[in-house]
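Worksheet for the structure shown next.
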Amino acid sequence: MIETKTLTLAEIEDLSLRALMAVGTTEENARPLAVATAATEADGVASHGLAYIPIYCEHVQCGKVDGAAVPVVERPRPGVVSVDAATGFAHAAIDKGFEALIPLAREQGVAALAIRNSYNCGVLGYHTYRLAQAGLMGIGFTNAPASIAPSGGAKPVVGTNPFSIAAPGEDGQPAVLIDQSASTIAKSEVMKHAREGQPIPVGWALDAEGNPTTDPEVGLKGSMAPSGGYKGVGVALMTEMMAAAMTGATLGIHASPFSGTAGGPPKTGQFFLAIDPGATSGGDFAARMRDLVAAIHDQDGAHLPGDGRRSKRVKSADDGVAVNVATLAKIEALLG
């Protein structure tokens with residue numbers, strides 16, 4: 001049985017912020033990551049939440065991430081925003097990019113944001129969610145160190161490479177939020193099982209010879225199983241093209257791991273498209289989305305992508321979330 005302790009979202013944000021700053025991260029870089037960590041815990045995605053703070057701190061200490069980096073924002077073309085994350089945290093670079101992207105998309109109807117020399121952006125849907133809250137269709141891509149082998153092969157060439165689409169709703173919340181990796185399951189879930197000494201289901205990962213395994217440690221040394229076989233590999237390749245080739249970021253085959261201290265900064269990338277539905281739909285977007293969502297929700301037992309997070313979401317900063325006591329001990333050790 002894993003021992004847990006209840007913390008409020010405000011306490012999770014504060015703890016994350018203090019831990020990151022204790023190892024040399026500036027508040028400008030730590031604050032967006034701390035806010036995202038609390039939001040991730042609020043959505044019930046514990047694998048990407050507080051459990052990552054000790055890893056982030058370790059990476060600041062070993063130089064895999066520059067906690068004092070200053071993202072550089074450029075406008076290479078009228079509809080394009082480019083951000084050099086300067087090997088710092090992705091969240092600060094994305095925040096800077098969104099400051100320019102959102103008004104640009106509203107003005108022009110569509111705009112793109114390319115981020116290079118970046119790092120793990122956590123839950124990709126957290127970022128597209130914010131674009132939907134701004135009334136825009138948000139489409140996002142992020143690449144990762146290689147962990148998926150090509151069809152017919154056994155050596156990883158692309159990462160789990162998530163993509164996300166968030167459609168704006170009428171209540172300030174996304175009507176639909178799709179956030180999925182190209183692998184059967186996010187690699188962080190396999191890492192979580194390895195930390196906890198728990199087996200993984202068949203179909204999550206493969207060994208070094210390409211055979212299914214239930215041992216998370218073996219899977220982490222082999223490759224992640226692509227979702228839907230060759231179709232998952234196609235999604236991973238699409239994301240690699242968008243998040244790495246289109247941004248000038250490092251390909252997954254050359255990026256250092258997001259876990260451990262080996263290698264320097266991964267220098268991966270993110271790519272976002274923000275689209276104003278009013279510019280493309282002739283005013284019919286909201287009605288079409290209502291019909292689409294209703295066609296699914298009206299069926300007994302049917303649900304939309306993102307409904308699970310919506311049902312779990314803790315909304316108040318004073319509400320409690322159960323967190324792993326072992327994770328808290330690691331963070332408290334960083335705080336002395």
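For the reader, a short list of remarks on this structure follows.
- Just so you know, the Cα atoms of region 103-250 work out to an Rg and Dmax of 16.6, 52 Å.
- Helix-only mean residue ellipticity at 222 nm for the chain, each DSSP H run of n ≥ 4 adding -39500 (n - 2.57), per residue, nearest 500: -11500 deg cm²/dmol
- Of the residues ALA154, ALA85, GLY125, the one whose Cα sits farthest toward the positive end of the charge dipole of region 71-156, with +1 on the Cβ of Lys and Arg and -1 on the Cβ of Asp and Glu, is ALA154.
- From the coordinates shown, Rg and Dmax of the Cα atoms in Å corresponds to which of (i) 20.9, 68; (ii) 19.9, 63; (iii) 19.4, 58: (iii)
- Simple rule: put +1 on each Lys or Arg Cβ and -1 on each Asp or Glu Cβ in the chain, find the dipole, and look at HIS193, ALA51, PHE141; the Cα lying farthest toward the positive end is PHE141.
- Cα-based Rg and Dmax for region 14-78, where Dmax is the largest Cα-Cα distance (Å): 13.3, 40
- A cut-off of 5 Å between modelled amide H atoms, ignoring neighbours fewer than 5 places along the same chain, links THR8 with VAL321.
- Alpha-carbon centroid distance for the pair region 1-30 / region 223-244, whole angstrom: 32
- Shape call, region 239-306: gyration tensor on alpha carbons, a/c limit 1.5: oblate
- Alpha-carbon centroid distance for the pair region 171-194 / region 90-135, whole angstrom: 18
- Taking SER227, SER188 and ordering them by how much accessible surface each has at a 1.4 Å probe, largest first, produces SER227, SER188.
- Dipole of the chain computed with +1 at Lys/Arg Cβ and -1 at Asp/Glu Cβ about the Cα centre; of THR25, PRO174, GLY222, farthest Cα towards the positive end is GLY222.
- Amide H contacts of ILE200 (H built 1.01 Å from N, in plane; Pro and chain starts excluded): ASP215 sit under 5 Å, all sequence-distant by 5 or more or on other chains.
- Förster-model FRET efficiency, 35 Å R0, ASP298 and VAL80, C-beta, rounded to 0.05: 0.30
- Pairs of Cα atoms nearer than 8 Å and 6+ residues apart set the relative contact order; for the chain it is 23 percent.
- Net charge dipole size for the chain [Lys, Arg +1 and Asp, Glu -1 on Cβ; Debye, nearest 20]: 640
- Near VAL110, the amide H atoms lying under 5 Å from its own belong to ASP276; only residues 5 or more places off or on other chains count, and H is placed 1.01 Å from N.
- When +1 charges are put on Lys and Arg Cβ atoms and -1 charges on Asp and Glu Cβ atoms, the dipole computed for region 1-147 relative to its Cα centre reaches about 420 debye.
- DSSP-defined antiparallel bridges as percent of all bridges, region 56-212, nearest 5: 75
- Rounded to the nearest 20, the size of the Cβ-charge dipole of region 67-199 about its Cα centre is 400 debye, with Lys and Arg at +1 and Asp and Glu at -1.
The values are calculated or read from the model by the stated rules, or taken from the named source; none is laboratory data. This structure is a prediction, so every number in the text was calculated from the model and none was measured. All Cβ positions, glycine included, derive from the backbone under ideal geometry; neighbour counts span all protein chains shown. Heads up: the accessible areas ignore ligands, DNA and RNA and are worked out on the full protein's heavy atoms, side chains in. Shrake-Rupley method; radii C 1.70, N 1.55, O 1.52, S 1.80 Å.
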